[in-house]
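**Student:** Quick one: the structure is below, and I'll ask about it shortly.
Every read-out reported here was derived from the displayed coordinates using simple, explicitly stated rules and does not represent laboratory data. Computed from a predicted structure; not experimentally measured. Quick reminder, even Gly has a Cβ in these numbers, built from the backbone with ideal geometry, and neighbours come from all protein chains shown.
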Amino acid sequence: MSVALKKFRSEVLTDVSGVPGSLVDRCILRAAIEFCDYTLTWREKFIQTTSEGVMQCLLSPDTGSRIVTVLYVSDDGVKVVPATESQLDGVSAGWRDTNNQSAAAQYYYLEDRETLSLVLTPDAERSLEIIACLKPTQDSTELPETLYEDHIESIGYGAKSRIFAMPAKPWANPELAMYFSTLSESAKDKEKAERLNDYTRESSLVVRPYNYYG
C-alpha cells in the first residue's frame with residue numbers, strides 16, 4: 001500500500017506557511033529518501049531470475065523504489081554469502097572469469113545499487129530470493145504506507161528543516177532549521193537502532209547466564 005506525498009503535507013504545514021505545495025512535496029520526498037537511506041527501515045522481499053552463464057543480475061524492485069543495500073540472498077533456499085570484491089580477490093584470483101560456473105552461487109556482491117553479481121557464475125537459469133532495503137526514487141509521488149503510519153513525524157522534521165534552511169526565502173529561519181534538523185537526526189538514530197534489532201528486545205536464540213538478570 002502507498003500514500004500520496006500530499007498526505008504528508010499536514011505534518012509540515014502545522015509549522016510553515018507561504019510555501020508552494022510542490023516545494024513542500026519535494027522537501028518531504030527528499031526527507032523520506034534520506035530517512036530510508038540512513039535507517040534501512042523500508043524492506044522488501046522479491047524474486048529475481050538469473051541467466052545461464054551471466055554473472056550479473058539486474059535488480060528490479062517495485063516501481064518508485066531504489067535499492068539501498070541487499071540484506072539477504074538465497075539460491076534455491078541456500079543462503080548466498082555477501083562479500084566485497086577485495087575479499088573475493090583473496091579467495092580466488094579467477095572469480096571474475098564467467099567460465100567458472102557452478103550449479104549454485106557461493107557469494108554475491110553489489111557492483112552498484114542496481115547490479116548484483118554472483119560468484120560462481122550460474123550454469124543454468126536460477127531463481128534468487130532477495131531481501132533488500134529500499135528508498136524512494138527522485139521522482140516518486142507516493143511513499144509506503146508504513147512511512148506514513150510510523151514515521152510521518154520524523155519525515156516531517158526533515159522536510160521542515162530543509163524548508164527553513166532555504167536562503168533568501170520569506171520563510172527562511174536558521175534557528176528553526178537547526179531545531180528541526182536536530183529532531184530529525186535524533187529520530188533517524190532511534191529508528192536505525194530499533195530497525196537493526198528488528199524491533200525485538202530479547203531473543204530466545206541468545207542464552208543468558210544464570211545471573212544475567214541480577
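**Student:** Can you work out ³J(HN,Hα) from phi for every residue in the stretch 95-108, in order, using Karplus 6.51 cos²θ - 1.76 cosθ + 1.60 and θ = phi - 60°, giving whole Hz and x for Gly and Pro?
**Tutor:** Those phi angles translate into 5, 7, 6, 5, 6, 7, 10, 8, 6, 9, 6, 9, 9, 9 Hz.
**Student:** Would you be so kind as to identify which of SER92, ALA187, SER102 lies farthest towards the positive end of the dipole of the chain, taking Lys and Arg as +1 and Asp and Glu as -1 on Cβ and the Cα centre as origin?
**Tutor:** Of SER92, ALA187, SER102, it is ALA187.
**Student:** Could you tell me what a quarter of the Cα convex hull surface of the stretch 149-206 works out to, in nm² with one decimal place?
**Tutor:** Reported value for the Cα convex hull: 4.8 nm².
**Student:** Computed FRET efficiency, Cβ-Cβ of ARG201 and GLU129, R0 25 Å: what is it to the nearest 0.05?
**Tutor:** The computed FRET efficiency comes out at 0.35.
**Student:** Restrict the search to the stretch 74-142; then list the GluC sites (Glu not before Pro) that DSSP places in a loop and that have at most 12 other Cβ atoms within 10 Å of their Cβ.
**Tutor:** Here the sparse-neighbourhood loop sites are GLU125.
**Student:** Compute, for the chain, the length of the dipole vector about the Cα centre, with Cβ point charges of +1 (Lys, Arg) and -1 (Asp, Glu) only. Units Debye, rounded to 20.
**Tutor:** 700 debye
**Student:** Give me the extension gain from ARG30 to SER51: residue separation times 0.36 nm, minus the current Cα-Cα distance, reported in nm with one decimal.
**Tutor:** So the extension gain works out to 4.0 nm.
**Student:** Which GluC sites (Glu not before Pro) from the stretch 8-78 combine a DSSP loop assignment with at most 13 other Cβ atoms within 10 Å? Spell out each step's value before the answer.
**Tutor:** On the way: sites: GLU11, GLU34, GLU44, GLU52; in loops: GLU52.
Those that pass, being in a loop and sparsely packed, are GLU52.
**Student:** Could you pull the Rg and Dmax for the chain, using just the Cα atoms, both in Å?
**Tutor:** According to the Cα coordinates of the chain, Rg and Dmax are 21.5, 63 Å.
**Student:** Before rounding to the nearest 500, sum -39500 (n - 2.57) across all DSSP H runs of length at least 4 in the chain and divide by the residue total; then give [θ] at 222 nm in deg cm²/dmol.
**Tutor:** Dividing the helical sum by the residues of the chain leaves -11500 deg cm²/dmol.
**Student:** Can you give me the P(r) profile for the stretch 1-72? Cα pairs, bins 5 angstrom wide beginning at 0, each as a whole percent.
**Tutor:** 3, 11, 20, 18, 15, 11, 8, 6, 4, 2, 1, 0
**Student:** Let me ask something additional. Along the Cα→Cβ direction, 7 angstrom out, place labels at ASP189 and ALA93. What is the inter-label distance in nm?
**Tutor:** In this crude label model, ASP189 to ALA93 measures out at 4.8 nm.
**Student:** If you line up the Cα atoms of the stretch 84-130 on their principal axes, what length do they span on each, largest first, in Å?
**Tutor:** On the principal axes, the stretch 84-130 reaches 27, 25, 13 Å in Cα extent.
**Student:** Is there a pair in LYS7/LYS188; LYS6/LYS45; LYS169/LYS192; LYS6/LYS188 whose C-alpha atoms are over 29 Å apart, and which pairs would that be?
**Tutor:** With Cα atoms farther than 29 Å apart: LYS169/LYS192.
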